[in-house]
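The structure under discussion appears below in the form of structure tokens.
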């Protein structure tokens, strides 16, 4: 009996070792779209300054980025089911590189619509990449550690979002009066990103990424209706509104802090965004460790309630206090996406890939809040726009409290 147990342990160690390299490659993908997202919010304010566009109009960048997730996630999921994880990741990387290279002619033309189109193409690649990588990390190991694994992977996404504003702040706000130089820095930045993504795609193409079959489940054979899975349907809704809140917060971060912190420049606002992203990164690592002791849904409840309070403080527009509260919001947003994702697709068996592609499509919820927040900001001030994210965090807290547990038990025959 002892020998059998020892053999089982050795087999488990061998299996885990075989999954380590694929997991490293999959986690590396998270840094790529983290960097792209970290640059997005800096570009928003940059184009307000250099192309003289309004707050609402500038959010077309966010709408292009997250509109790609809304429209391309189902095709990405279909490709993933048909061709597998490695093909899905490689497709995403190649499209991402193509979108990055499109920024070069867009910057040459100094055209905001061209930038919007470039962002949509780049985000389409990220959508394919994220659909494959999120799902792969979710199944690449024991099911009871899925939340832990995805939060760890999302921590490297947080590293990218931390680096992005530093790069954008240093390069894009160097001399806003000289539009040509400002746009030249955009060309250089995205050209480098495109080349590095292609190099990574080449390395990954030569690596062995095993296909992992989803475990059998009482929740269906992959053909049933996901509408019957109430925890999943509510999870998609919660994810869409949470992403809407996150995107709106990022889009108007620099506007909010420069308006409520006297004398703060846009460049310093970008660096402050980087500090917020650092808290986002730290929050992911700390929360990943915390999940070994506390149930993920309880963490989601607590973080949702805390962020409701913090965003209400932001909405009051208190000098300096609101800016500090907004920075703190990022720490408690850190684990929300990954936790909602894993709770939403839990126990779906062969439906997991299809459900994951829909859950990634919920990232398209990023189109919901930025434009309305822009209109509110133009009419009543930027601070007032943050009442909308506060309402979304209430739903996040509810999903952690009750929503993720709805109808989890399989229906009787």
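Computed from the coordinates by the stated procedures, all read-outs in this text should not be read as laboratory data. What you see is a predicted model; the values in this text were computed from it and never measured. Reconstructed Cβ throughout: ideal geometry from the backbone, glycine too, with neighbour counts over all protein chains shown.
Which residue, 56, 270, 132, tops the fluctuation ranking in a GNM of the chain built on C-alpha contacts under 10 Å? Top of the fluctuation ranking is 56. Cα axis of helix 321-333 to longest principal axis of the chain: angle in degrees, 0 to 90, nearest 10? Long axis of 321-333 versus the principal axis of the chain: about 20 degrees. Size of region 312-413: Rg and Dmax of its alpha carbons, in Å, are 17.2, 60. In the chain, the longest principal axis of the Cα atoms and the axis of helix 146-172 are about 20 degrees apart.
The equivalent ellipsoid of region 31-85 has semi-axes of 30, 13, 6 Å, largest first, where each one is the square root of 5 times an eigenvalue of the Cα gyration tensor.
Rg of the Cα atoms in the chain, relative to 2.2 N^0.38 Å, amounts to 0.97. The protection proxy used here, the mean number of other Cβ atoms lying within 10 Å of each residue, ranks peptides 118-131, 346-359 as follows, highest first: 118-131, 346-359. Of 390, 315, 78, the residue with the greatest mean-square motion in the GNM of the chain, using alpha carbon springs below 10 Å, is 78. Where only DSSP H runs of four or more residues are counted, the chain gives -26500 deg cm²/dmol as its mean residue ellipticity at 222 nm, each run worth -39500 (n - 2.57). For the peptides 291-299, 251-259, the ranking by mean Cβ contacts within 10 Å, running from highest to lowest, is 251-259, 291-299.
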